[in-house]
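Each remark here refers to the structure printed beneath this line.
Every number here is computed from the coordinates shown, using simple stated rules; none is lab data. Computed from a prediction, not measured in an experiment: that's the story for all the values here. All Cβ positions, glycine included, derive from the backbone under ideal geometry; neighbour counts span all protein chains shown.
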Amino acid sequence: MPEWFFRGGIAMWPLLVCSIAGLAIILERTWALQRRRIISPELAAAIERRPVTPEQTETVRVLSESDTTVLGRLVQAMFAHASLPKTENVEAMQALARQIVGRMERGLTTLSLIAELGPLLGLLGTVIGMVQLFEDVAKKGLGEPAMISRGIYEALTATMTGLSIAIPALIAYMYLRRRIEVLVLELERHTNELLTRLYRNP
């Protein structure tokens, strides 16, 4: 560990935990939310292909059987409920979609918490450092400017670290939220198109 880390005081340890957890969540979610893992280009193209024919719908069904993406699971579920009335199929799809979106958002609450906790933990470290500094001044007086400067430096280190963790975490959180919104909208467009096709050509 670098020397400045230890000078930041006890608050540096929870900040270290926050930084590791935040980095892990960002890397894992960035990998998991790759478009090719959510929406298969081949399956999406088959759903959007024109003209709409029963044969083309059957091609979509066959493609979905070997598709492990989120879109593939939604299409499989849609065909599994194809014998039901459209309203019941839609309800089943909505229930599955809520579960899928919940999995896509996994870890984002923790990332948001890290973005909020970082500055607070940094401020806590600064307050603790300033309390210790004033305690030293009360004991030794103001005769050592170097001691005062060093105390302020150590106190502000925690705040700097907290902000350095919180800002990237907040940026990553907003990016991942937006990415999920875009992917969910595209999933909705494809599933709505397939629902229309299924109940237009039973």
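Around the Cα centre of segment 3-200, unit charges on the Cβ atoms of Lys, Arg, Asp and Glu (plus for the first two, minus for the last two) sum to a dipole of about 260 debye. Peptides 159-166, 148-155 ranked from most to least packed give 159-166, 148-155, packing being the mean of other C-beta atoms within 10 angstrom over each peptide's residues. Calculated mean residue ellipticity at 222 nm for the chain: -28500 deg cm²/dmol, from DSSP H runs with n ≥ 4 weighted as -39500 (n - 2.57), summed, divided by the residue count and rounded to 500. Along the axis of the charge dipole computed for the chain (Cβ charges of +1 for Lys and Arg, -1 for Asp and Glu, origin at the Cα centre), the listed residues Leu156, Thr57, Gly8 are led at the positive end by Thr57. Does anything in segment 1-24 have its amide N under 19 Å from the 7 Å Cα→Cβ label point of Phe134, and if so which residues? Residues 9-11 qualify, since their backbone N sits under 19 Å from the label point. Our note on the geometry: Cα centres of segment 147-202 and segment 64-88, 29 Å apart. Here the Karplus relation 6.51 cos²θ - 1.76 cosθ + 1.60, evaluated at θ = phi - 60°, turns the backbone of segment 164-171 into coupling constants of 5, 8, 5, 5, x, 5, 5, 4 Hz, with x for every Gly and Pro. Spread over its residues, the convex hull of the C-alpha atoms of the chain is 116 Å³ per residue.
Across Pro119, Pro168, Pro85, mean-square fluctuation computed from a Gaussian network of the chain (C-alpha pairs under 10 Å connected) peaks at Pro85. Computed packing ranks the peptides 39-50, 90-101 as 39-50, 90-101, most packed first, by mean other Cβ atoms within 10 Å.
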